[in-house]
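The values are calculated or read from the model by the stated rules, or taken from the named source; none is laboratory data. Quick caveat: nothing in here was measured; it's all calculated off a predicted structure. So basically every Cβ, Gly included, is an ideal-geometry build from the backbone, and we count neighbours across all protein chains shown. Calculation scope for accessible area: heavy atoms of the full protein, side chains included, ligands and nucleic acids excluded. Shrake-Rupley method; radii C 1.70, N 1.55, O 1.52, S 1.80 Å.
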Amino acid sequence: MNNHIELIPGTNIDNTKWDTCVQQANNGLIYNSSNYLNAICPKWAGYVVNNYEAVIALPYRTKWNIPYWYTPPFMQQLGFIGSINKDTQKEILVQLLRKHPYGTLLFNFENTAIINLIDVKAKPNFILNLNLPYPEIQKGYSQDLQQDIRKAERNHFEYTNSIPIKKAIDLFKHFHAHHLKKVTEKDYLQFYSYCEQAIHDNQQCFTRAVLNEQKEILSIALLLRDNKRIYNLMNTTTTKGRAIASNHFLFNEIIKEFSEEPIWLDFEGSSLPGVQYFYKQFGTIEETYFTYHYNHLPFPLNLLQ
């Protein structure tokens, strides 16, 4: 039996059916929800298999009148979601590569079959199961982390949920914008708009921060949440905070707060060895997702990166 495959503009997607597919699939992460896609991507389309049995979201842009698939900021894993076999994945890949001969595609941690179809690049992500008593989770911490937390606790830090979303984003921009040069002010505004809406939607966006005795922010995390994970979308530590392990303290408190809930903490990935080491100290599981960049444009456009 042949599957019905259709490419539908994001504006014409049946959001209810789309989100049901995403929510029910183990690999349907928050980046794939219609609300997130509509907020973060000015333009996107989705391949839909049959009656939303499987979906794949595809953000796109146009440059020099050439449309192309791209990776929006604050977007980690997309890819095939739902009930889909390898043959259907291959058929969709052929179609989307033909439609836009240039682009970058994201695939999620369950899209392992893609390795045999295209030359993807593996990326690391780090997750921690919170559905355990806190003392059980803490047993997985490295000795160095436990020592850093004990030292941090002597500083009389305050763990708070009262810092506004905008403050978290502004601090992130201040400390990280210099190495995120492709992220524009418009991108930050779109993300902020999503967060403001999500605050009123079952508290799906929130902050947690560590303050010193002078009420200065030392570390802050802007977190998103769905039915599967709490996502560490923006994490910032000040110069003062780095010197006294405030971020170690922050994530320990987050883990303590949400322990015994049937949910995972998604630290998000990083290619930086120091950041990876920090995440691994919490006893995380390394999860692999995939990216694929291709250029099938004619010469000289095929010289573009």
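Name every residue in the range 184-208 that is open to solvent by less than 30 Å² (accessible area, probe 1.4 Å) and either aromatic (Phe, Trp, Tyr) or out of contact with any helix residue (DSSP H, G or I) (no Cβ under 7 Å at 6 or more places or on another chain) (or both), in order of residue number.
187, 188, 191, 194, 198, 206
What number of residues within the range 105-127 satisfy the criterion of being touching a helix residue (DSSP H, G or I) at 6+ places or on another chain (Cβ under 9 Å) and either open to solvent by 40 Å² or more (accessible area, probe 1.4 Å) or at positive phi (or both)?
3
Give me the residue from the range 1-28 that is closer than 13 Å to residue 59 by Cα and not hydrophobic (A, V, I, L, M, F, W, C) and, out of that set, least open to solvent (accessible area, probe 1.4 Å).
If we take residues in the range 1-28 being closer than 13 Å to residue 59 by Cα and not hydrophobic (A, V, I, L, M, F, W, C), then 10 is least open to solvent (accessible area, probe 1.4 Å).
For the range 29-43, what are the residues that are open to solvent by less than 10 Å² (accessible area, probe 1.4 Å) and not in a helix (DSSP H, G or I)?
If the condition is that a residue be open to solvent by less than 10 Å² (accessible area, probe 1.4 Å) and not in a helix (DSSP H, G or I), then 29, 41 are the ones that fit.
Among residues belonging to the range 50-82 that are assigned to a loop (DSSP other than H, G, I, E, B) and over 22 Å from the mean Cα position of the chain (by Cα), point out the one that is surrounded by the fewest Cβ atoms within 10 Å (Cβ to Cβ).
Per the stated criteria, the residue is 65.
Out of 145, 130, 180, I need the residue that is in contact with a strand residue (DSSP E or B) (Cβ under 7 Å, 6 or more places away or on another chain) and surrounded by 13 or more Cβ atoms within 10 Å (Cβ to Cβ). Which one?
Answer to the check: 130.
For the range 157-182, enumerate the residues that are in contact with a helix residue (DSSP H, G or I) (Cβ under 7 Å, 6 or more places away or on another chain) and either of a type in the set (Phe, Trp, Tyr) or not in a helix (DSSP H, G or I) (or both).
Listed by number, the residues that qualify are 157, 159.
Between residues in the range 40-56 that are over 14 Å from residue 75 (Cβ atoms) and residues that are open to solvent by less than 10 Å² (accessible area, probe 1.4 Å) and assigned to a loop (DSSP other than H, G, I, E, B), which pairs lie under 7 Å by C-beta distance while being six or more apart or on different chains?
Going by the 7 Å Cβ cut-off, the qualifying pairs are 54/80.
Just checking, how many residues over the range 250-267 are buried (at least 22 other Cβ atoms within 10 Å of the Cβ) and not acidic (Asp, Glu)?
Of the residues in the range 250-267, 5 are buried (at least 22 other Cβ atoms within 10 Å of the Cβ) and not acidic (Asp, Glu).
Condition check ((1) open to solvent by 50 Å² or more (accessible area, probe 1.4 Å); (2) at negative phi) across all residues:
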residue	(1), (2)
229	no, yes
241	no, yes
245	no, no
248	no, yes
279	no, yes
288	yes, yes
293	yes, yes
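Which residues, taken from the range 269-278, are farther than 18 Å from residue 75 by Cβ and either modelled with pLDDT of 95 or more or in a loop (DSSP other than H, G, I, E, B) (or both)?
The one that is farther than 18 Å from residue 75 by Cβ and either modelled with pLDDT of 95 or more or in a loop (DSSP other than H, G, I, E, B) (or both): 272.
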